[in-house]
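Some notes on the structure that comes next.
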Amino acid sequence: MQDVAKRPDDVSAAPELVRPVAVNDNVVQTALAQHLSRISGSRTEITSFGRKSSGFSWITYAFVARSAADGDRKLILRVGPPNGLFAPYSVLPQVHALQSLAGSGVPVPALVSSEQHGAEIGFPFFICTHVEGDVPAPWAASEFDPDRKRAIARQFVEILASLHRIDTGTTPFASMQLGGERAEVRAIAGWRASLARPTARYYPLLDWGGRWLENNCPQPPCRTIVHGDYRIGNFIERNGRITAILDWELAHLGDPHEDLAWAMMPTFNAGSRRLYGVLERAEVIDLYQRASGIAVSDKSLAFYEAYALYQAAAIQMCAVRAFEVDRFNDMRLAVMASQMPSIVRAFERALEAAA
C-alpha cells in the first residue's frame, strides 16, 4: 500500500535522479479505514482526516473514525515515514510507553492499535485517542499569565517525577533491562555514528566530545523510564492542566538525569535559563527531588547537560540529511543547520563544566 517513488541507493547521484520518498495521504486514509474495520469487526469510515503541522519526525494525522459499533471516535494516527528524521522507525518505544503508563500518574493518550510492519498502511504506525487541549509553543510562552505558567511548570516537573518513580519491572520496558550495553551508552554511540556519516558536516569538537561522553558516562542512581524528549512543547494543556505527555519515540530505560537536563535546556524554554521562563534551576531540582525521592547529582546533571547539547547537534545534522539527501519536504529541517554554530559553542562550555 506504499505510494513511494524509488530512489537510487547511491545518494551521490545527480539531484535530478533522486526522487522523493512520499507518504500519500489519500492512500493512508483508505488503508486506515480497512485496518480499523478489520480490528473492530465493524465497517469504519474515516472523516475529517488531515495532517497536523507540528512535529519533525513521525507524520501525525487527526481524524474521526465512524462505525455502527463505536459511533464517532476522535483519534490520532502517527506514521513513521521511510525518509523521516529518525528513520527507520520502531513503534515499540511509544507502544511500551502508552501501555505502561495507562492509569499511572503520567497522563498519556490511550493506545488503540499499532503495527511495526505497517500491514494495510504500509509503514510503522500506531493509533491513539485524541486528547483535547493545546500544545504550548516554548517561544510563545510570554503570551500566558506568569501564575498559570508557574502552575503548569510545576505540574510538568511533578509528572516527570511520577514517571521516574514507576517500577519498570512491572512494565513492557522490563525486557529492555536484560543484559547488553546500557541504553544511554548505546545512544551516545548511535549519535556518534550518525555524525560520522559521509553526508554529515564535520565538527572536530563534536568528534572529540562524543568520544569523551561515551567514555565518561556516569552510573545512574537508579534505572527509570526515560522519556528522551521531555520538554515544553511535548505536552497538551487544557485550562491550566497538563492532560497528556506526547512523543515517546525516544523512550528507554536509563538515567533520570537525562530527562531533567533535556527539560531545562534554554532552547526549549524560549532561550531562558528558567523552566518555561518561570522556574529557577534550583527550584526545579528541589521540586523534582522532593517529588521523585531521587537525589540529583550535580556531576551527573552536568554530564547530561553536555550530552543534551551533543544530541541536539546530532539531531540538527539528521534534519539536514533528511532534507538534503532523503528529500523530506519540510523547510523547517532545511534551516536547522544555521543553529549549529551556537549549539557547538554551548557544547564546548558544557563539556568544560562536566569535565
Checklist entry - Looking only at the stretch 97-121, which residues are more than 13 Å from A251 (Cα to Cα), touching a residue at least 24 places away in the same chain (Cβ under 8 Å) and surrounded by fewer than 20 Cβ atoms within 10 Å (Cβ to Cβ)? => result S104, G105, P107, V112, S113, E115, Q116, G118, A119, E120
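Quick grid of which residues meet (1) assigned to a loop (DSSP other than H, G, I, E, B); (2) open to solvent by 10 Å² or more (accessible area, probe 1.4 Å); (3) not aromatic (F, W, Y):
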{"position": "G271", "(1), (2), (3)": "yes, yes, yes"}
{"position": "G277", "(1), (2), (3)": "yes, yes, yes"}
{"position": "Y288", "(1), (2), (3)": "no, no, no"}
{"position": "A291", "(1), (2), (3)": "no, yes, yes"}
{"position": "I294", "(1), (2), (3)": "yes, yes, yes"}
{"position": "A306", "(1), (2), (3)": "no, no, yes"}
{"position": "Q316", "(1), (2), (3)": "no, yes, yes"}
{"position": "A319", "(1), (2), (3)": "no, no, yes"}
Next on the checklist: Checking the structure you have, find out if any residue of the stretch 222-245 is more than 25 Å from V131 (Cα to Cα), assigned to a loop (DSSP other than H, G, I, E, B) and more than 15 Å from the chain's Cα centre (by Cα).
Outcome noted: yes
Checklist entry - Which of the residues belonging to the stretch 246-263 are outside any helix (DSSP H, G or I) and either of a type in the set (D, E, K, R) or open to solvent by 20 Å² or more (accessible area, probe 1.4 Å) (or both)? => result L246, D247, E249, L250, H252, D255
Item to check | Residue pairs meeting the criteria (Cβ under 6 Å; at least 6 apart or on separate chains; first closer than 26 Å to G41 by Cα, in the stretch 65-91; second in a loop (DSSP other than H, G, I, E, B) and open to solvent by 30 Å² or more (accessible area, probe 1.4 Å)) | outcome: K74/H130; L75/H130; I76/H130; V91/Q116
Checklist entry - Any idea which residue in the stretch 66-75 is farthest from S48 (Cα to Cα), counting only those that are of a type in the set (A, V, I, L, M) and open to solvent by 20 Å² or more (accessible area, probe 1.4 Å)? => result A69
Next on the checklist: As an exercise: evaluate Q94 against (1) surrounded by fewer than 17 Cβ atoms within 10 Å (Cβ to Cβ); (2) in a helix (DSSP H, G or I); (3) in contact with an Asp or Glu (Cβ under 6 Å, 6 or more places away or on another chain) and give the number of the one condition it does not meet.
Outcome noted: (1)
Item to check | Contacts under 9 angstrom Cβ, first residue in the stretch 184-202 being within 23 Å of P220 (Cβ to Cβ), partner of a type in the set (D, E) and open to solvent by 30 Å² or more (accessible area, probe 1.4 Å), 6 or more apart | outcome: V185/E214; I188/E214; A189/E181; A189/E214; R192/D207; R192/E214
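The values are calculated or read from the model by the stated rules, or taken from the named source; none is laboratory data. Owing to the predicted nature of the structure, the values given are computational and were not obtained by experimental measurement. Because the Cβ atoms are built from the backbone with ideal geometry, glycine has one as well, and the counts that use them run over all protein chains shown. The accessibility values were calculated without ligands, DNA or RNA, using every heavy atom of the protein model including side chains. Shrake-Rupley method; radii C 1.70, N 1.55, O 1.52, S 1.80 Å.
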